[in-house]
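The values are calculated or read from the model by the stated rules, or taken from the named source; none is laboratory data. None of these values were measured; they are calculated from a predicted model. Here the Cβ positions follow ideal geometry from the backbone for every residue, glycine too, while neighbour counts run over all protein chains shown. The protein model used for the area step is the full one, side chains on, heavy atoms only, and it has no ligands, DNA or RNA in it. Shrake-Rupley method; radii C 1.70, N 1.55, O 1.52, S 1.80 Å.
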Amino acid sequence: MNISEGKKGVTYTVKSVNGDHEMNTFLFSLGCFSGEKITIIKKMRSNFIVNIKGGRYGIDKDLASVIEVI
């Protein structure tokens, strides 16, 4: 499943990031890569607040849809 389908407050492990080169590079710069933990802090209609490595980031639905988690 991707992170946009996840539940608020649950910590997931990133399985893979399957976006284009630009998306992957941006997410990697946030610390979002395979094996890393990610938690959904807040879900809004088209945006998400997530916690990655102790930092809070706002990502849109397009970015959230390319982050596959387990």
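Net charge around residue 59, counting only other residues with Cβ within less than 13 Å of its Cβ (Lys, Arg = +1; Asp, Glu = -1)?
Every neighbour counted, the sum reads +2.
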- Message: If I model a spin label at residue 37 and residue 49 as a point 7 Å from the Cα along the Cα→Cβ vector, what separation in nanometres do I get?
- Response: 1.9
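If DNA, RNA and ligands are ignored and the probe is 1.4 Å, what is the ranking of 22, 36, 68 by accessible area, most exposed first?
Details: 22 145, 36 35, 68 65 Å².
Descending order: 22, 68, 36.
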- Task: Give a residue-ordered list of calculated ³J(HN,Hα) values for the stretch 16-33 (Karplus: 6.51 cos²θ - 1.76 cosθ + 1.60, θ = phi - 60°; whole Hz; x for Gly, Pro).
- Result: 6, 10, 10, x, 6, 4, 5, 5, 4, 4, 5, 5, 4, 5, 7, x, 9, 8
- Computed helical MRE - 222 nm, the chain, DSSP H runs ≥ 4 contributing -39500 (n - 2.57), nearest 500: -5500 deg cm²/dmol
- Note on the structure: Computed over the chain, the relative contact order (Cα-Cα under 8 Å, seq sep at least six) in percent reads 43
